[in-house]
Amino acid sequence: MKTLIVDDNINVIECYKRHINQNYNYLVDFVANPFDAISLIKNNYYTRIVTEIFFKNCTTNGLEIIKIAKKQDIKERIILTSISHPIIIKNTGAILLLRKPITKNKIISLISEEMNDFLKIFENKEISKTENFSLFHSITM
């Protein structure tokens with residue numbers, strides 16, 4: 001399993017790297033802008049994409065990354081967003097919406113096999129994935 005995480009905050013990326021690399025042996029690429037993300041998605045194989053929606057000083061957004069990931073047949077598409085950006089998940093092409101702030105446990109869950117198992121449970125259900133993550137979050141955090 002290989003994951004791509006996209007966040008324009010370098011400090012956040014360093015936090016992701018620190019928690020993931022020191023504790024786990026997962027294949028994870030990190031990029032700070034949507035253009036690099038799109039290039040990596042088109043030229044590599046990923047099983048999971050995790051991206052925020054809005055990028056500072058950039059006209060391309062995370063929804064475009066999700067759209068390209070979907071075209072590349074990447075099944076696990078996750079959006080990170082703050083509570084101040086209300087969106088409806090079914091309009092995004094994502095399969096899961098995760099609210100910020102991102103804690104250490106959420107970072108690990110984003111790339112873990114447990115998240116993979118969790119996503120499989122709900123892949124054919126009509127239940128809101130945002131609500132489902134609350135269940136997953138309460139079980140694993």
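The values are calculated or read from the model by the stated rules, or taken from the named source; none is laboratory data. Source: prediction; values computed, not measured. When we count neighbours, we look across all protein chains shown, and the Cβ atoms used for this are built from the backbone with ideal geometry, even at glycine.
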Testing residue 58 on (1) closer than 17 Å to residue 107 by Cβ; (2) touching a helix residue (DSSP H, G or I) at 6+ places or on another chain (Cβ under 7 Å); (3) exposed (fewer than 14 other Cβ atoms within 10 Å of the Cβ), one condition comes back false. Which one is that?
(1)
Of all residues being at pLDDT 90 or above and assigned to a loop (DSSP other than H, G, I, E, B) in the stretch 25-46, which is surrounded by the fewest Cβ atoms within 10 Å (Cβ to Cβ)? Just the residue, please.
45
Looking for whichever is at pLDDT 70 or above and either touching a strand residue (DSSP E or B) at 6+ places or on another chain (Cβ under 7 Å) or in a loop (DSSP other than H, G, I, E, B) (or both) here; the options are 102, 87. Which one fits?
102
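Residues of the stretch 47-58 being β-branched (Val, Ile, Thr), assigned to a loop (DSSP other than H, G, I, E, B) and under 15 Å from residue 80 (Cα atoms), which ones? Talk me through it step by step, then tell me what you get.
Applying the first criterion (β-branched (Val, Ile, Thr)) to the stretch 47-58 yields 47, 49-51, 53.
Still in the running and assigned to a loop (DSSP other than H, G, I, E, B): 47, 53.
Across the stretch 47-58, the qualifying residue is only 53.
For the stretch 9-24, which positions are surrounded by 15 or more Cβ atoms within 10 Å (Cβ to Cβ) and in contact with a strand residue (DSSP E or B) (Cβ under 8 Å, 6 or more places away or on another chain)? Steps first, answer last, please.
Going through the stretch 9-24, the residues surrounded by 15 or more Cβ atoms within 10 Å (Cβ to Cβ) turn out to be 12-13, 15-16, 19-20.
Those that are surrounded by 15 or more Cβ atoms within 10 Å (Cβ to Cβ) and in contact with a strand residue (DSSP E or B) (Cβ under 8 Å, 6 or more places away or on another chain): 13, 16, 20.
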Residue 51 is checked against (1) at pLDDT 90 or above; (2) surrounded by fewer than 14 Cβ atoms within 10 Å (Cβ to Cβ); (3) among the polar types (S, T, N, Q) and fails just one. What number does that condition carry?
(2)
